[in-house]
Amino acid sequence: MLNCFATESTQNATPITVLSPQTYPDWLSSQSEMTTSWLVATDFKPEAGSVRLIPETNGKIARVICCVAELNNLWGVGHLPFVLPEGLYAFDSAETAYAIGWGLGSYQFTKYKKPQRQPARLRISSQAISAVSNIVESIYLVRDWINTPTDDMGPTQFAALAEKCANEFDAKLTQIIGEELLQHNYASIYTVGRASDDAPRLLDLHWGDPSHPKITLVGKGVCFDSGGLDIKSSSYMLLMKKDMAGGAHVFGLARMIMQAKLRVRLRVLVPLVENVISGNAYRPGDIIKSRKGITIEVGNTDAEGRVILADALTEAVSEKPDLLIDIATLTGAARVALGTELPAVFSNHDVLVQEVIKQGEKINDPMWRLPLYAMYREYLNSPIADINNNSLEPYAGAITAALFLKEFVPDDVPWLHFDMMAWNLRTRPGRPQGGEAMTLRALFSYLQERFT
């Protein structure tokens, strides 16, 4: 169990009352004179984020008051684990939602630096602990993998962690490595990753009953992106350890699915590469023959994510899954359009994407749909190949990248494509600066409703 949670304890838990500015006056009117006087004397203002400790006559904490902008919003309590003194606490209401917020707010990346303190602990019921821990621990996995620098998270190390995750749930994981990719017709993956000392590979995980609905997840696994010969500037390269975040996301979601034992046949495909420079690096102008047979002209070596996803998506649709989801840190254009905290989603299935967006709105895990605007497909035309990996126009970069991927996904396969930052540039309650899991709670909630 995570060190921020407890299910049974002889120690009394300090109660936490969560209020909004609207509910605070009614609550205050029913409190004792001592409580009222204390809040007035300490100039407590019922504003979102405000916290006040109410003492007993012996000086111990009798109760914690936390004011949130919106009741039942898990993020409103995400700051409490490190705002409150170390000890044991319990919420008066909305136990599951607030417990998830508490757990995510307790996260610390401690692989290379010792924490200054431990989070306060939250007591939750034995009935809620399994569901809460599944979500929180899976998001910790995603954050940890993204935060880990490439010297400890290259293709080989990523694959080892993926195998550990697979073994935990009796899933089968196979790898196709190095020149074996060419033998198995994955030239796009091999070509992008061949310049690295750490060989490119394709991870392929299978889990579940083959008779159940087929869910296939595909994640971009660029463990480091220098830009290749179209090299990035140093400032744009600083965060490129996170370019494998799509791969981390699909393993985080797979962990949620397997832990909850959803009635699905799960497959996870992650192409793993480093996009670096050496004598055999792929070049602008090269032509790659993809697994589907579509020839790709390399207009820019820094548009490598869509190239490796092309082969993985081709394999994914070969089984006609009931649902295909790919997740990638694909374009800066999506960040320009929506900012860093709102992932973009594209889909070829209106009802599907509307239902997933609705789940995200319900549990405060937002996303925004962008269109697969067919008229922009001509921006990817090549005079010597079937398609160029780089748009001829500097506009609508997220859309043209999604249209590139659409070439490898037939219309009869329900498909969601996520283009996200997967990184918090600033610390907010429950969301520390660094690697972040986005849309996973919404996707898992949707899958639970559909396949439980």
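What share of the DSSP beta bridges in the stretch 1-76 is antiparallel, in percent to the nearest 5?
Working: 5 of 9 bridges.
Taking every DSSP beta bridge with both residues in the stretch 1-76, the antiparallel ones total about 55 percent.
Counting only C-alpha contacts under 8 Å and six or more residues apart, can you give the relative contact order of the chain as a whole percent?
15
Restricting to the stretch 176-274, what percent of DSSP beta bridges are antiparallel, rounded to 5?
Numbers: 9 of 17 bridges.
Taking every DSSP beta bridge within the stretch 176-274, about 55 percent pair in antiparallel fashion.
Seen from all sides and averaged, what is the projected area of the convex hull of the Cα atoms in the chain, in nm²? Don't skip to the end; give the middle numbers.
Details: hull surface 92.9 nm².
Over every viewing direction, the Cα hull of the chain projects on average to 23.2 nm².
Give me the one-decimal nm value for the distance between modelled label points at residue 342 and residue 182, 7 Å along each residue's Cα-to-Cβ direction.
4.6
Among rounded, prolate and oblate, which fits the stretch 174-240 when a ≥ b ≥ c are the square roots of the eigenvalues of its C-alpha gyration tensor, a/c under 1.5 means rounded, and a/b larger than b/c means prolate? Walk me through the numbers on the way to the answer.
Working: a/c = 3.30, a/b = 1.73, b/c = 1.90.
Taking the square roots of the gyration eigenvalues as a ≥ b ≥ c, the stretch 174-240 is oblate.
Describe numerically, in nm with one decimal, the distance between label points set 7 Å from Cα along Cα→Cβ at residue 3 and at residue 295.
With each label point 7 Å from Cα toward Cβ, the separation is 5.8 nm.
Take the alpha-carbon centre of the stretch 1-31, take the same for the stretch 419-447, and report the distance between them in whole Å.
After rounding, the separation between the Cα centres reads 25 Å.
With every protein chain kept in the model, how would you rank 197, 43 by accessible area, 1.4 Å probe, largest at the top? Each step should come with its number before you reach the end.
Working: 197 165, 43 95 Å².
My answer, sorted largest first, is 197, 43.
Contact order normalised by length for the stretch 76-201, with contacts defined as Cα pairs under 8 Å and 6 or more residues apart; what percent is it?
Working: 101 pairs, mean separation 26.6, N = 126.
Taking the mean separation of contacting Cα pairs over the length of the stretch 76-201, I get 21 percent.
Working with all protein chains in place, sort 263, 283, 428 by solvent-accessible area computed with a 1.4 Å probe, largest first.
263, 283, 428
Accessible area of the chain with a 1.4 Å probe: how many percent of it is carbon plus sulfur?
Of all accessible area on the chain, carbon and sulfur atoms account for 50 percent.
Output the peptides 270-278, 65-73 sorted from most to least packed, where packing is the average of other Cβ atoms within 10 Å over each peptide's residues.
The peptides rank, most packed first, as 270-278, 65-73.
Rank-order 183-192, 202-211 by packing density, defined as the average count of other C-beta atoms within 10 Å over each peptide's residues, highest first.
183-192, 202-211
Can you tell me, using C-alpha contacts under 8 Å and at least 6 residues apart, the relative contact order of the stretch 157-282 as a whole percent?
37
7 Å from Cα along Cα→Cβ at both residue 43 and residue 127: what's the point-to-point distance in nm?
Roughly 4.4 nm, to one decimal.
In what sequence, largest accessible area first, do 30, 382 appear using a 1.4 Å probe?
30, 382
Would you please classify the overall shape of the stretch 299-431 from the alpha carbon gyration tensor, given that a ≥ b ≥ c denote the square roots of the eigenvalues, rounded means a/c under 1.5, and beyond that prolate means a/b larger than b/c while oblate covers the rest?
oblate
So, with +1 on the Cβ of K and R and -1 on the Cβ of D and E, and no other charges, what is the size of the charge dipole of the chain about its Cα centre, to the nearest 20 debye?
760
Run through the stretch 1-74 and list the trypsin sites (Lys or Arg not before Pro) located in a DSSP loop whose Cβ has at most 14 other Cβ atoms within 10 Å.
Qualifying residues, ordered by number: 60.
In Å², and per residue, what accessible area does the chain have when probed at 1.4 Å with the other protein chains present?
42
Assuming R0 = 56 Å, what is the FRET efficiency of residue 381 and residue 36, from their Cβ-Cβ distance, to the nearest 0.05? Before the final figure, lay out the partial values.
On the way: r = 71 Å, r/R0 = 1.27.
In this case the efficiency is close to 0.20.
With runs of 4+ DSSP H residues as the only contributors, calculate the mean residue ellipticity of the chain at 222 nm using -39,500 (n - 2.57) per run, divided by the residue total and rounded to the nearest 500.
Value at 222 nm, helices only: -10000 deg cm²/dmol.
Given the whole protein assembly as supplied and a 1.4 Å probe, what does the accessible area of residue 287 come to in Å², nearest 10?
We get 80 Å² for residue 287.
Using Cα positions and a limit of under 27 Å, work out the lysines in reach of residue 113, with same-chain residues fewer than 8 apart set aside.
The reachable lysines, counting only those whose Cα sits under 27 Å from residue 113, are 164, 241, 242.
If you stretched the chain out fully between residue 53 and residue 167, how much longer would it get, using 0.36 nm times the residue separation minus the C-alpha to C-alpha distance?
On the way: separation 114, 0.36 × 114 = 41.04 nm, distance 4.49 nm.
My answer for the length gained is 36.6 nm.
FRET efficiency for residue 354 and residue 212, Cβ-Cβ distance as r, R0 = 25 Å, nearest 0.05?
The pair residue 354/residue 212 has a calculated efficiency of 0.55.
Please state the shape class of the stretch 130-269: rounded when a/c is under 1.5, otherwise prolate if a/b exceeds b/c and oblate if not, all from the C-alpha gyration tensor.
Taking the square roots of the gyration eigenvalues as a ≥ b ≥ c, the stretch 130-269 is oblate.
Nearest 5 percent is fine: what portion of the DSSP beta bridges confined to the chain is antiparallel?
Percent antiparallel among DSSP bridges in the chain is about 45.
Which of the chymotrypsin sites (Phe, Trp or Tyr not before Pro) found in the stretch 362-452 are loop residues per DSSP with 15 or fewer other Cβ atoms within 10 Å of their Cβ?
Those satisfying the criteria are 373, 395.
The values are calculated or read from the model by the stated rules, or taken from the named source; none is laboratory data. None of the values given here were measured: they were computed from a predicted structure. Note: ideal-geometry Cβ built from the backbone for every residue, glycine included; neighbour counts use all protein chains shown. SASA here: full protein model, heavy atoms, side chains in, ligands and nucleic acids out. Shrake-Rupley method; radii C 1.70, N 1.55, O 1.52, S 1.80 Å.
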